[in-house]
1. What nm distances, shortest first, do you get from the label point of A:ARG113 to those in the other copies when the point sits 7 angstrom along Cα to Cβ?
2. Rounded to the nearest 0.05, what FRET efficiency do B:LEU133 and A:GLU278 give with R0 = 51 Å and r taken as the Cβ-Cβ distance? Could you check?
3. Roughly what would the spin-label model give for B:ARG183 and A:LYS97, points 7 Å off Cα along C-beta, in nm?
4. For region B:151-286, calculate the relative contact order in percent as a whole number, restricting contacts to Cα pairs under 8 Å that are 6 or more residues apart.
5. Pull up all non-local amide H partners of A:THR249: gap of 5 or more, or a different chain, and H-to-H distance under 5 Å with H placed in the peptide plane.
6. Over the whole of B:199-205, what's the average partner chain Cβ count within 10 Å per residue? Rounded to a whole number, please.
7. Check the straight Cα-Cα distances from A:LYS361 and name the lysines below 16 Å, setting aside those fewer than 8 residues away within the same chain.
8. At A:ARG84, label 7 Å along Cα→Cβ: distances to the other copies, nm, ascending?
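Read-outs: derived from the displayed coordinates by stated rules, not from any lab. Just so it is clear, the structure is predicted and the values come from calculations on it, not from any experiment. All Cβ positions, even for glycine, are placed from backbone atoms using ideal geometry, and neighbour counts span all protein chains on display.
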Number of protein chains: 2
Amino acid sequence: MEVNDINMQSDNCEPDRAAHPGIFLCHQAGKSDHQPAGRYVDFPVSVVLPAGGSGERTGLQTPKQFCSFLGRPLISYTIQAFERVSWIQSIMVVVAKENMDLMTDIIQRFQHRKVRVVPGGSTRHRSICNGVLALGEEEGGRSAAERPKVVIIHDAVRPFVEEDFLYKIAMAAKEQGAAGAIRPLVSTVIATTSEGYLDHSLERAKYRASEMPQGFTYDVICQAYQRCSESDFEFGTECLHLALQYCGTNAKLIEGPPTLWKVTYKRDLAAAESIIKETLSRSACIITGGSTQAATLAVALQKAVSALDMVRFSSMDELSVSGRMAEPAAIMDLASTAKLRNILLYGIQLHQSKEAERWEKSVLRVAEIASALIRDRSPALVGQLLQA
Amino acid sequence: MEVNDINMQSDNCEPDRAAHPGIFLCHQAGKSDHQPAGRYVDFPVSVVLPAGGSGERTGLQTPKQFCSFLGRPLISYTIQAFERVSWIQSIMVVVAKENMDLMTDIIQRFQHRKVRVVPGGSTRHRSICNGVLALGEEEGGRSAAERPKVVIIHDAVRPFVEEDFLYKIAMAAKEQGAAGAIRPLVSTVIATTSEGYLDHSLERAKYRASEMPQGFTYDVICQAYQRCSESDFEFGTECLHLALQYCGTNAKLIEGPPTLWKVTYKRDLAAAESIIKETLSRSACIITGGSTQAATLAVALQKAVSALDMVRFSSMDELSVSGRMAEPAAIMDLASTAKLRNILLYGIQLHQSKEAERWEKSVLRVAEIASALIRDRSPALVGQLLQA
């Protein structure tokens, strides 16, 4: 006798939402807490997201903010990170003119709210400045009371920013006028002579890498851009420097988590994909049949797949495919249809045995195969009936 | 009628060697050139490889140099990168006392030649110093003529260093006394006040990140360590700085490729794995049966799997399993045996059709599945008979 199991995973990048909740059997202990945790921001905060980079350093044709991960461009993950934060009012995405249509299409396709797109300038500072000015001009001219109190500036290629860190930046920016994320230096920084020799090396403990996000009161960042020179616009890279030089504001520096890192090189794309996959795997869903054997299997699987933070079991009836599963061709058909809706469907056939030892071995194998499928999310293998 | 294809991939991390060359049908255009390109180093060069790090920043129990990628620890890839270079004489690996046995075991298991292990000190400089001193003392006291002229210092967690860059470092070190790899800064570097506020930011264009490898004449690095202070040993991190301060040697700085990066954070493990897999995939091998249909398939596959730099086809006879393939259980058995020898074996069953369109579609599907298997290298899926 055989029990057929279907391992189904949604690839639509919304791991936190489930259309059919089913029966929850399992611990949710490891699930990261995205709740606002009672923190309340009582002033308006908006975001400027410069996304004009050409992605030269990845060596790819597509600028890295538009590279796709599991069917969703990187910038969409970043926007999502901000949209999840209830106290963020609006997000101004600044892109190169030639990418305006692409960006508008992404916003529609992934149903982003809160977002507006403005064309970028020829340098980073010009682009950010365009975004800040656009915030002030929203909806045909705003009164001072309607303008954001704090503007958070972030990079489109740092998708893993979290709410609690944004909270720290927003609060410090409101208090100090400016605030920025820092990280320890990974390498020693050295000064070179014009001939390419070592001039001196910096004492690593005294310096930090300046990262994103950064926050400014609207007044400070506006004033900084009004007063700064053409040379700043052309060659500068550091907003905190402008706030210091033109507004006398010494930014508060806050050490951020390593996840703030910037997708810069080709290898970073693999790193980003692995983090996205790991996050999605937390809400993996294994659906079994409703028989007693299936229930036993469900419990055994739940134990075995402990690498996943959450495994959810629900009845086969939800799939409305019962009875058809024994045929590989039927699975292949079902998988082809599901793939169009961005759902990856694989079959695992478990050869049930009365011998306890063989049965346990098979269940372990189901768990091993399921973990690999969830981790790799390979579209090439959908519809396969794998043997456990 | 069915034709069975076996897609076999060696996981023993020696993509450049093939026990059974088979028939080469395919372009090797994209293969990266590992030949010494006529470059000749006429002085003795040795390497010191400090590998004492605890790997705190990855958040893992195992120090990152000992983390395994496709069955081989990271440090073994780094050693391999140096062993491939004919003009490098010896490699001194410096590890924490508690890892001496582990390291000795790795050297035996992966048949490293040229390598000796010495115990590290309590800081990075003490460890490197131990390695340098051990080079001078090799084989019970050496005469000055037998000592290395140039010592290259590298990190165990930078496995992707290439021969042409080592050549540049060795030549510059011999000429200048010291030479080091640099990379552009990814983030702006800022100085902080003791209260955690911005003091000033550095002009990014004037500074560089100091990376590895670095090279020194044996005399310069020995003298630097003889003369430097306890405080240098305790808190310093930069060998180039010691050469400058204690020997008056301004190191020549050479811009290195992005692959010199250091595996530091957990995300870097995913990035390293993707590079290792990409390199291995270059020598992927697809073995088909010997019939006319199989030959047609081979040509079609070769076209379809153009993502791979090299695809090699040889006769099924080499496998000596002909006739057994139709049975899934037989493939599973064969795969279990192969797995013990670190070979991952998957089956793909192609349903042949007389209709040209269906046939082409199936061949494309074989190619798609094969590419996914080669890329993901999932041990959990070995022995499966997949349907194309």
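1. For A:ARG113, the other copies' label points sit at 6.8 nm, shortest first.
2. Details: r = 43 Å, r/R0 = 0.85.
Efficiency for this residue pair is about 0.75.
3. 3.5 nm
4. Working: 178 pairs, mean separation 44.5, N = 136.
Contact order relative to length: 33 percent.
5. Here A:LEU244 satisfy the definition.
6. 6
7. A:LYS303
8. Its label point is 4.0 nm from the equivalent points in the other copies.
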